[in-house]
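Take a look at the structure set out below.
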Amino acid sequence: MSLVVYNTLTRRKEDFAPLDPAHVRMYVCGPTVYDNVHIGNARPVVVFDVLYRLLKRRYPRVTYVRNITDIDDRIIVRSRESGESIDALTRRTGDAYQRDMARLRALPPDVEPRATQYVAQMIAIIERLIARGHAYAAEGNVLFHVPSMADYGQLSRHSRDELVAGARVDVAPYKKDPADFVLWKPSTPDQPGWESPWGRGRPGWHIECSAMSGQLLGETFDIHAGGIDLIFPHHENEIAQSRCAFGTPLMARYWMHNGFIVAKSEKMSKSLGNFFTVNELLEEFPGEAIRLLLLTAHYRQPLDFTKDGLRTVKNQLDRLYQALRNTADAPTAPAADVPADVAAALEDDLNTPLALSHLHELATALNRAGSAAEKSAGRAALLAAGTALGLLQDDAEAWFRWAPADSGPSEAQIEAAIAARRAARQAKDFAAADRIRKELAEQGILLEDKGTETIWKRG
């Protein structure tokens, strides 16, 4: 089956045909690092991680670039407020972001550039835009002149009034046109800045991604992805900068965007108390549960994200891992291909809800397996399907031993209680053994005796 994706640029589903079948190139917009990232930042990471895994199975080479924005006025403000240097702030929050995404089972991108590493390339693109008549300098700023690009607005399909409204955050008397947007702006002595032909300053947000993608993936590449909120102005302006600087008809062939995250149909916000950072959620729930909830809706649709939803998917994962745990003694089978129905669902514009339904069918089949050969094959199929989705990556025993932060007895305490119970049984003090089992159960620890071995899980 061919891979089909929805292309925001054309507003339709299309067969995926890479520019070079020997080397697929994909760019996903990453976060601006000045605080712990919220769950909305995680959705594109998880969604397009599934796409990355799919591409790696289908093509001999894939280069996946996901940037970190470490030049931004919000970073400057946070640094002033906290007293932490910009370098220390962006390094700390960037490292935390990488750790959190790894705990969501997201594969690391092949390249994860930071904007500060590509300022020279940004300046070079701006110079080309000026030379080609698409940009102009004014009072230490450099602006892209929107009317210079005849087909500006193809991605968002906004009207002229909508384009101007989107640019009004940068209203300034030196603009030639109200829709013009900033490529470079001057920095005061207390702001970060780089020397340039227009004086000491710093880049605008949009030029950062044009420079990084162009340097790492080429003037035209296969897939550019991110959240739906980036369609305009960010991605629209990236297209304008890159196409006009490089003289290409396209920046990326396919543009993919994930939908918003909401909580009980309301937009997430701190004031409503329904705003979650990934870091705080990981204190209460395992990373795979967060990942699974992010995959339960089709990526282009809004996703209702609540803690009740996380509890539901945690129970679903318990069932999947229990199927693996119950067949742990089956002979190890060679790694299986992704089951055909799971692969077909993912190849149809990343239909993760359908793929997840097939995952549960595989667990049901494994629970019904009778012979050792059936169990072995069933385990391999379930694990292959899980890997395609970035799920079932834990050892089953480790999964059931996970606990929220500061919750219940530690693993060492549980093992000590099990050892004491074993000693009581050996001494035929069954009353003491039963008491220990009951005490553990009251703390949510469930024991299961298998011959001479006792295994446990958190209930």
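Brief remarks follow.
- Flag if Leu354 is modelled with pLDDT of 95 or more, crowded, with 19+ Cβ neighbours inside 10 Å and within 25 Å of the chain's Cα centre (by Cα): no
- Gly309 being within 15 Å of the chain's Cα centre (by Cα) and small (Gly, Ala, Ser): no
- In the set Asn315, Asn351, only one residue is in the same structural domain as Thr277 (by the TED database), of a type in the set (S, T, N, Q) and more than 29 Å from Asn7 (Cα to Cα); that residue is Asn315.
- Just one of (1) part of a helix (DSSP H, G or I); (2) within 22 Å of Tyr52 (Cβ to Cβ) fails for Ala336. It is (1).
- Just one of the listed residues (Asp449, Asp395) is in the same structural domain as Pro339 (by the TED database) and acidic (Asp, Glu), and it is Asp395.
- When Asp222 is tested against the conditions (1) surrounded by fewer than 23 Cβ atoms within 10 Å (Cβ to Cβ); (2) part of a strand (DSSP E or B), the lone failure is (1).
- Within the stretch 1-82, strands (runs of 3 or more DSSP E) holding 2 or more residues that are touching a Ser or Thr at 6+ places or on another chain (Cβ under 7 Å) and in the same structural domain as Thr220 (by the TED database): 24-28
- The listed residue being surrounded by 22 or more Cβ atoms within 10 Å (Cβ to Cβ) and either in a loop (DSSP other than H, G, I, E, B) or touching a Ser or Thr at 6+ places or on another chain (Cβ under 8 Å) (or both), out of Leu392, Leu359: Leu392
- Criterion violated by Ala344 - all others in (1) without any contact (Cβ under 8 Å) to a residue 60 or more places away in the chain; (2) on the phi < 0 side of the Ramachandran plot satisfied: (1)
- Every pair of residues 6+ apart whose Cβ atoms lie under 6 Å, when the first sits in the stretch 111-122 and is of a type in the set (A, V, I, L, M, F, W, C) while the second is modelled with pLDDT of 95 or more and part of a helix (DSSP H, G or I): Val111/Leu216; Ala115/Glu208; Met122/Ile207; Met122/Ala211
- Residues satisfying the stated conditions in the stretch 421-445, i.e. among the aliphatic types (A, V, I, L, M) and either surrounded by 13 or more Cβ atoms within 10 Å (Cβ to Cβ) or free of Cβ contacts under 8 Å to residues at least 12 places away in the same chain (or both): Ala423, Ala424, Ala427, Ala431, Ala432, Ala433, Ile436, Leu440, Ile445
The values are calculated or read from the model by the stated rules, or taken from the named source; none is laboratory data. What you see is a predicted model, and the numbers here were worked out from it, not measured in a lab. We place every Cβ from the backbone using ideal geometry, glycine too, and count neighbours over all the protein chains shown.
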